[in-house]
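A short worksheet on the structure shown next.
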Amino acid sequence: MKELKHLNKYFKKYWLKLLIGIVITIFARLFQLILPSYVNKTITVVESYINADIVKETAREQLTLFILIIVGAALLSGFFTFLMRQTVINISRYIEYDLKNEIFEHYQILSLNFYKKNRTGDLMNRISEDVNQVRLYAGPAIMYGIQTLTLFACLIPLMFIKAPTLAAYTLLPLPILSVLIYNISKIIHKRSTVVQEYLSTLSTFTQEIFSGVSVIKAYALESQTNRELTQLAIEGKDKSMSLAKVNAWFFPLMVLLIGISNILVIYIGGMQYINGEIGIGLIAEFILYVNMLTWPVAIVGWLTSIVQRAEASQKRINEFLNEKPELENSVSQSHKIQGKIEFKNVNFTYEDTEIDALKNLSFTINRGETVAILGKTGSGKSTILDLVTRLYDVTSGEIFIDDEPIKNINLNDLRKSIGAVPQDAFLFSDTIKNNIKFGKYDASDEEIISIAKEAVVHDNIIGFSKQYETVLGERGITLSGGQKQRVSIARALMKNPDIYLFDDCLSAVDTETEEEILSNLKKASNNKTTLIVSHRVSSAKNADKILILENGKLVQQGTHEELNTTEGYYKSLYQNQLSEKEN
Ligand SMILES: Nc1ncnc2c1ncn2[C@@H]1O[C@H](COP(=O)(O)OP(=O)(O)OP(=O)(O)O)[C@@H](O)[C@H]1O
Ligand SMILES: [Mg+2]
């Protein structure tokens, strides 16, 4: 139960509701316990009348009274059972809500590396499936647990007081039932875990197929994926069948054992009645007791497996909750970012691939400067931008923002003052308007339109029938590559940040549009530090400074004019792209 201790803080939070729930649960049980003894009395009255011990009038009066008490107690017990579910199950829903929020909040502060190590399906599973298992413990398990305890505590002594021998025989099969149910539950648990895991595999498989449907169609892989799915489905069927087989044992076994208990009551009770040791009504009373006991006894087995499952799920949840973010915001003081960026002997190695992406890199970008970064693919350009946003920390060396080490700057303020357009821009499946508004939630429609014009995407958007209200597909798949890039540029412009980071975000637009956007950007980003990563000289030539990277090293830096007069990557790139244009 070590892992489930995590929930104690929530039980403390809802202690009053929980206490009320417990009291109500006990009441619901107590009213139920009244019933059998009145059934006993009713039968005894009938027996006395038949034996002519009492007159018709008295019998009728007593019967009416007993029946009213039975109906009343049943109604009250029902009412309290309703209240019990209302309180205890509600508590479990509150705890579920709190726990999901806690997990989600924690997910959000974890660094990128965490997301690289764990699969989306797993993250989703822990916040939905596992929380659900824990909820079963926090609600139903507690409710049935209290119910069962109250029942055992009251009923078993009561039975022994009323008829010790009969009680002993009646209770005999119940521990066997409990052990059996426990064992079956364990097998059910094992097999349902297998089925759960299978479902997770299946959903990962189908999710991938749906996401990559255009590749599957283009390569005509439909029948192959069909075959793979069929194979998976057959496995799934076998697993579900093996679960169904044990499940099938559950109820018959219960019915068998209740039957045995009932027969014992009737046989032993009958013998005792014949010997004149007990009244006939007591047999009826005990049969009712047996039936009242059976379900709770079965529940003991079921509860054990629920608690085990909740423990396992909470363990998985705790694993993520205990994960510390690699990058912590240790500064509470707020910062107004000016925009000077300096790299000093920066080395950076990606942990997972052990690739040295940046090697002894030093450069300075003054506030308001526009700097272009060029270099072959894989030379480390995007890595530089990620380090400026502090998605990762440097392996060695140091980065300064406004002459202050980046680690001494409030992380939230830093990221708030950066407008980044990543290389593969991500758009949410929401309206275009909301995607642009992502940079500034309270933006007016006019602002959005004027920003979209700056990003030269307005004309495209009004071409859609729903214009700015067009809902994008997952990851923005309904837009062309160039449109997607420009919507994400608009999103960054909307933010009006102090530092712009554009990662190859004009690669999918034609050169004319590129020039228009660049000149708009120049106006918008006036006095703002701007880093443009590109493969095209046209994006870079007007920059204040151009950095050329090769294999993570800075090999050249200077203005367009300077670089164009020295032999090197930049000059040959320029010559190539110039001649391409002329052709
Ligand atoms: N998330 C990552 N995890 C591990 N290695 C990475 C990661 N991102 C990049 N790398 C590696 O780091 C090196 C530099 O990558 P980077 O993305 O910075 O290159 P780039 O200059 O932006 O290239 P491109 O022009 O193709 O976008 C590459 O060798 C790449 O394989
Ligand atoms: Mg890149």
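Here are a few things to note about the model shown:
- Hey, residue 264 modelled with pLDDT of 80 or more, more than 16 Å from ligand 2 (Cβ to nearest atom) and touching a His at 6+ places or on another chain (Cβ under 6 Å) or not: no
- Considering 77, 128, 48, 92, the condition of being of a type in the set (S, T, N, Q) and in contact with a Phe, Trp or Tyr (Cβ under 6 Å, 6 or more places away or on another chain) is satisfied by 77 alone.
- Residue in region 189-200 that is nearest to the chain's Cα centre (by Cα), counting only those that are modelled with pLDDT of 80 or more and not charged (D, E, K, R): 198
- So residue 166, is it assigned by TED's automatic domain parsing to the domain that holds residue 8 and farther than 17 Å from residue 324 by Cβ: yes
- Residues being small (Gly, Ala, Ser) and either surrounded by fewer than 18 Cβ atoms within 10 Å (Cβ to Cβ) or within 13 Å of ligand 1 (Cβ to nearest atom) (or both) are represented in region 346-364 by at least one member.
- For the criterion of being acidic (Asp, Glu) and either touching a Pro at 6+ places or on another chain (Cβ under 7 Å) or part of a helix (DSSP H, G or I) (or both), residue 319 passes.
- Pair list, Cβ under 9 Å, 6 or more apart: region 188-214 residue in contact (Cβ under 8 Å) with a residue 60 or more places away in the chain, other residue among the hydroxyl-bearing types (Ser, Thr, Tyr): 188/305; 189/305; 204/120; 207/120
So that you can scan it fast, the table gives a plain yes or no per residue for (1) in contact (Cβ under 8 Å) with a residue 60 or more places away in the chain; (2) outside the structural domain of residue 531 (by TED's automatic domain parsing); (3) more than 16 Å from ligand 1 (Cβ to nearest atom):
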| position | (1), (2), (3) |
| --- | --- |
| 452 | no, yes, yes |
| 455 | yes, yes, yes |
| 459 | no, yes, yes |
| 462 | no, yes, yes |
| 465 | no, yes, yes |
| 469 | no, yes, yes |
| 473 | no, yes, yes |
| 502 | yes, no, no |
| 506 | no, no, no |
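- Test: residue in region 33-53 that is under 30 Å from residue 325 (Cβ atoms) and either assigned by TED's automatic domain parsing to the domain that holds residue 304 or of a type in the set (A, V, I, L, M, F, W, C) (or both): no
Results for (1) under 33 Å from the mean Cα position of the chain (by Cα); (2) within 23 Å of residue 369 (Cβ to Cβ); (3) at pLDDT 85 or above, shown as yes or no for each residue.
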| site | (1), (2), (3) |
| --- | --- |
| 452 | no, no, yes |
| 475 | yes, no, no |
| 499 | no, yes, yes |
| 511 | no, no, no |
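- Region 371-390 residues that are on the phi < 0 side of the Ramachandran plot and not assigned by TED's automatic domain parsing to the domain that holds residue 354, paired with ones that are part of a loop (DSSP other than H, G, I, E, B) and near ligand 1 (Cβ under 8 Å from one of its atoms) (beta carbon under 6 Å, 6 or more apart): none
- Qualifying residue in region 550-563 (condition: part of a loop (DSSP other than H, G, I, E, B) and within 21 Å of residue 422 (Cα to Cα)): yes
- Filter result (touching a residue at least 40 places away in the same chain (Cβ under 8 Å) and surrounded by fewer than 20 Cβ atoms within 10 Å (Cβ to Cβ)) within region 415-442: 416, 422, 423, 426, 428, 429, 430, 431, 438, 439, 440
- Residue match in region 2-17 (condition: surrounded by 16 or more Cβ atoms within 10 Å (Cβ to Cβ) and either of a type in the set (Gly, Ala, Ser) or over 26 Å from the mean Cα position of the chain (by Cα) (or both)): no
- Of the strands (runs of 3 or more DSSP E) that lie entirely inside region 344-418, those containing 1 or more residues that are within 16 Å of ligand 2 (Cβ to nearest atom) and under 37 Å from the mean Cα position of the chain (by Cα) span 356-365.
- Pairs are defined by a Cβ separation below 7 Å, a sequence spacing of at least 6 or placement on different chains, a first member in region 42-66 that is in a loop (DSSP other than H, G, I, E, B), and a second member that is among the hydroxyl-bearing types (Ser, Thr, Tyr); the pairs so defined are 54/48.
- The set of residues in region 531-550 being of a type in the set (S, T, N, Q) and within 14 Å of ligand 2 (Cβ to nearest atom) consists of 534, 539.
- Filter pass, residue 254 being of a type in the set (A, V, I, L, M) and within 24 Å of residue 177 (Cβ to Cβ): yes
- Considering region 477-497, the residues that are outside any loop (DSSP other than H, G, I, E, B) and at pLDDT below 85 include one that is farthest from ligand 2 (Cβ to nearest atom), namely 482.
- Unique match (being buried (at least 18 other Cβ atoms within 10 Å of the Cβ) and either away from ligand 1 (no atom under 16 Å from the Cβ) or under 21 Å from residue 286 (Cα atoms) (or both)) among 49, 137: 137
- Long-range neighbours under 8 Å by Cβ, at least six apart or interchain, first residue under 16 Å from residue 103 (Cα atoms) within region 1-12, second assigned to a helix (DSSP H, G or I) and of a type in the set (Ser, Thr, Tyr): 4/137; 7/137; 10/94
- Pairs with Cβ under 6 Å, 6+ apart, first in region 515-542 and on the phi > 0 side of the Ramachandran plot, second among the small types (Gly, Ala, Ser) and assigned to a loop (DSSP other than H, G, I, E, B): 527/368
- Candidate set: region 187-217, residues that are farther than 16 Å from residue 234 by Cβ and among the hydroxyl-bearing types (Ser, Thr, Tyr); chosen: the one surrounded by the fewest Cβ atoms within 10 Å (Cβ to Cβ): 214
The values are calculated or read from the model by the stated rules, or taken from the named source; none is laboratory data. Everything numeric here is computed off the predicted structure, so don't read it as measured data. Note that we place each Cβ from the backbone using ideal geometry, even for glycine, and neighbour counts take in every protein chain shown.
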